[in-house]
Each structure stands twice: as C-alpha cells, then as structure tokens.
Amino acid sequence: MLIKQAPDIRSSEITDERLYRNRRQFIQAASGAAMGAVAGATVLGQYGGALQAQEPIPNLQKSPFSTDEALNSYEDITTYNNFYEFGMDKGDPARYADEMTIAPWSVRVEGEMNKPAADVDIDDILRPHTLEERIYRLRCVEAWSMVVPWVGFPLGDLIKRFEPTSKANFVKFTTLYRPEEMRGQRSRTMEWPYVEGLRMDEALNPLAIIAVGVYGKTLLNQQGPPLRLVVPWKYGFKSIKSIAKIEFVEEQPRNSWNVSIPNEYGFYSNVNPEVDHPRWSQARHRPIGAFFRVPTLMFNGYADQVASLYDGMDLVRNY
Ligand SMILES: Nc1nc2c(c(=O)[nH]1)N[C@H]1C(S)=C(S)[C@@H](COP(=O)(O)O)O[C@H]1N2
Ligand SMILES: [Mo]
C-alpha cells in the first residue's frame with residue numbers, strides 16, 4: 001500500500017512531548033522484532049495466527065483537530081474491538097481478522113457523480129492525500145470509549161475527487177463481503193455485508209476522516225484496513241471498517257445496525273447524553289482503562305463544529 005509522506009520533519013518536532021514519549025514506548029515495545037513488519041506481534045502473540053505486515057508511516061503531520069486526552073494503549077486499541085464479520089466477542093477480531101486478505105484491494109466508487117464509476121486501486125485512492133495524526137475519542141454506543149491516535153485524511157477530500165452531483169444527498173459505504181475469510185459472515189448474526197451512510201454535509205465536515213493507520217503504523221486487520229471511516233461525533237458503529245464500496249445516493253441509505261435493531265440504533269447516531277439507548281443510559285460511559293465512568297459530552301465534545309448540521313432537527317426522533 002502506498003503511503004504518501006509529508007515533508008521531512010522529525011517526528012519530535014511535530015508531535016508534542018507526551019505523544020512522542022508514548023510513541024517511543026510503543027516503538028521500544030515493538031523492537032527486537034523486525035520493525036514495521038510485526039509491531040503488533042508482541043501484543044497479539046497470545047492469540048496466535050499470522051499477522052498481516054504493517055508499514056510504518058513516517059513524518060506524520062499533527063492535526064489541530066486532535067484531542068489532548070491521554071491515549072489508550074496500543075494493546076487496548078487492537079485487542080478490544082467490534083468487527084462482527086469476525087465474531088461477536090470483543091476479542092474475536094484480534095483472533096480471527098488475520099484470515100482476511102487485504103492486498104490487492106480496490107474500492108468500487110459509483111452513483112450520482114460526474115466522474116465515471118470505477119474500481120479504484122487502494123494506491124490511487126491514497127496517492128493525492130497527505131496523511132496526518134488525528135487523536136479522537138471513539139465512543140461506542142455500548143457506553144465505553146477509547147482515545148485513539150488515528151492516521152488518516154479528511155473524507156471530504158476523497159469525496160470531492162469524484163465530483164458528486166446535486167442529487168448526491170447521501171454517501172453509502174459497504175464493507176468487504178467475503179465469507180470464506182470472514183467467519184462471522186457465515187452466520188446470520190447481522191445482514192451482510194455491513195453498510196453505513198452519512199448525509200453529504202456530514203461526510204464533508206472536516207472532522208470525518210478516512211483512517212489507514214493507528215499509532216504511526218498501518219491498521220491491523222481487526223481495525224478495518226486498508227481504509228475505514230472515523231466519525232468522531234457519532235457512535236462507533238458509524239465508523240465502518242474495510243470499505244469496499246462508496247456510493248453517492250439520493251435517498252437515505254440503509255445502515256446495518258438500524259436494519260438489525262431499528263428501535264435501538266438510528267441512522268444519525270450522534271453521541272447524545274440526553275437520549276438514552278432503550279436498554280441503558282448514555283449520560284455516562286466508561287473510558288477503557290479507567291476505573292470510573294465519566295460524563296458523555298454532546299456530540300462527543302464536538303458540538304461547536306457539528307451542532308449546526310442538525311439545526312431544527314428533533315434529535316430524540318432522529319436518534
Ligand atoms: N464492517 C464493520 N465495521 C464496523 C463494525 C463492524 O462490526 N463491522 N463495528 C463498529 C463498531 S460497533 C465500533 S464501536 C467500531 C469499533 O472500532 P475499533 O474496533 O477500531 O475500536 O467499529 C465499527 N465499524
Ligand atoms: Mo460500537
């Protein structure tokens with residue numbers, strides 16, 4: 001996978017002290033093994049299974065959109081996952097996701113756009129974009145959260161390249177469908193493939209990113225490589241993994257969790273402490289690794305940047 005490098009700046013110059021120390025620790029933890037190839041092995045060795053090679057992503061830009069909250073460890077981020085294509089247990093993705101092959105990879109892009117529909121190779125998807133580090137808190141609808149140093153680029157920059165037309169009111173994303181490699185897809189726990197969607201103005205908001213890495217390395221398979229969405233003001237299930245198709249559509253698309261359990265999971269799924277899930281409160285949540293629960297913030301703390309997208313909408317009905 002082609003990873004475009006930002007201009008050559010030493011990472012200590014563009015990364016704050018705390019983060020830099022954190023990265024040093026991570027690199028030290030991974031050293032001994034061939035750097036870059038098997039950085040996750042120390043963490044994942046306990047699960048067995050061959051790891052896909054990971055590439056280091058050098059000279060990342062630091063994003064002004066990042067939170068300065070303490071990061072979750074690499075171990076938390078890569079061993080406590082939701083990726084139902086590999087099973088329902090939080091440890092299943094780390095156990096079984098290496099059964100998915102991610103190279104070659106192309107993304108089908110089609111729908112209401114001026115550019116012709118095409119299967120775009122992952123390298124051509126990435127080539128024009130400069131990758132940066134974006135630290136976001138991922139807030140799962142199950143009332144836990146993690147702070148993750150993503151590596152990615154704005155989703156809007158990718159969308160604009162295909163010149164969506166005025167009929168493109170929504171963007172629909174579809175995950176890879178390959179039951180031979182994704183054992184969870186062999187049972188009907190959900191409707192496969194996993195689908196998600198955003199309204200066009202949400203998708204173009206600069207907070208929404210395509211992530212290709214974490215902690216300065218390309219994603220491990222359990223994290224949804226080679227590219228996944230991260231939408232930090234929405235519950236985690238909107239951040240669809242291992243995207244195989246992007247469509248520009250006129251009507252609001254179906255989205256998997258809403259199709260499975262419509263009274264519990266809506267299309268918008270904005271983080272909202274005032275709208276409870278039918279089976280639990282969303283007012284507080286447990287940061288993974290912390291002992292106490294903490295208050296959940298409206299739009300996960302991004303109200304200033306995104307609240308205006310929902311002006312005049314009833315957020316209880318549009319949950
Ligand atoms: N294709 C796909 N994408 C998915 C999921 C999934 O099951 N399948 N789970 C979602 C949920 S519920 C969450 S909380 C996040 C978890 O991302 P993480 O494992 O990187 O923390 O991925 C989301 N993306
Ligand atoms: Mo989630």
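Ellipsoid fit via the Cα gyration tensor, the stretch 62-111: semi-axes of 25, 21, 11 Å, each the root of five times an eigenvalue, largest first. Show me the chymotrypsin sites (Phe, Trp or Tyr not before Pro) within the stretch 173-280 that DSSP assigns to loop and that have at most 16 other Cβ atoms within 10 Å of their Cβ. Of the chymotrypsin sites (Phe, Trp or Tyr not before Pro), the ones in loops of the stretch 173-280 whose Cβ has at most 16 other Cβ atoms within 10 Å are 177.
Looking at the stretch 119-189, the GluC sites (Glu not before Pro) that sit in a DSSP loop and have at most 13 other Cβ atoms within 10 Å of their own Cβ are 180. Taking all protein chains as shown and a probe of 1.4 angstrom, residue 62 keeps an accessible surface of around 100 Å². Solvent-accessible surface (1.4 Å probe) assigned to residue 131 amounts to roughly 10 Å².
A simple spin-label model places the labels of residue 316 and residue 69 2.7 nm from each other, with each point 7 Å out along Cα-to-Cβ.
I want the local charge near residue 113. Using Cβ-Cβ distances under 11 Å, sum +1 for each Lys or Arg and -1 for each Asp or Glu among the other residues.
In short, 0.
Whole-Hz Karplus values for the stretch 301-315 come out as x, 10, 4, 4, 8, 10, 4, 5, 4, 10, 3, x, 8, 7, 7 Hz, taken residue by residue from phi with 6.51 cos²θ - 1.76 cosθ + 1.60 and θ = phi - 60°; glycine and proline positions read x. Remark on residue 285: its backbone amide H falls under 5 Å from those of 294, 296, a criterion applied only to residues 5 or more positions apart or on other chains, H modelled at 1.01 Å from N. Measuring only protein heavy atoms, the 1.4 Å probe finds residue 121 accessible over about 60 Å².
Once backbone amide H atoms are built at 1.01 Å from N, residue 214 has 151, 219 as its partners under 5 Å, excluding neighbours fewer than 5 places away on the same chain. Which entries of 160/238; 160/245; 167/241; 62/217; 115/245; 217/238 show an alpha-carbon separation above 18 angstrom in the structure shown? Cα-Cα > 18 Å for 160/238; 167/241; 217/238; rest within. Ranking 317, 183, 178 by solvent-accessible area of protein heavy atoms (1.4 Å probe, all protein chains present), from largest to smallest, gives 317, 183, 178.
Amide H to amide H distances under 5 Å link residue 111 with 248, where only residues 5 or more positions off or on other chains count and H is placed in the peptide plane. Charge dipole of the stretch 114-261 (Cα centre as origin; +1 on each Lys and Arg Cβ, -1 on each Asp and Glu Cβ, all else neutral): 360 debye, rounded to the nearest 20.
Between residue 308 and residue 178, the simple spin-label model (points 7 angstrom out along Cα→Cβ) gives 4.2 nm. Whole Å is fine, so just give me how far the alpha carbon centre of the stretch 74-109 lies from that of the stretch 112-172. Rounded to whole Å, the Cα centres lie 19 Å apart. Ordering 227, 192, 212 by Cα displacement along the dipole of the stretch 148-238 toward the positive end leaves 192 in first place; charges were set at the Cβ atoms of Lys, Arg (+1) and Asp, Glu (-1).
The values are calculated or read from the model by the stated rules, or taken from the named source; none is laboratory data. Since the structure is predicted, the reported quantities are computational estimates derived from the model, not experimental observations. Reconstructed Cβ throughout: ideal geometry from the backbone, glycine too, with neighbour counts over all protein chains shown. SASA here: full protein model, heavy atoms, side chains in, ligands and nucleic acids out. Shrake-Rupley method; radii C 1.70, N 1.55, O 1.52, S 1.80 Å.
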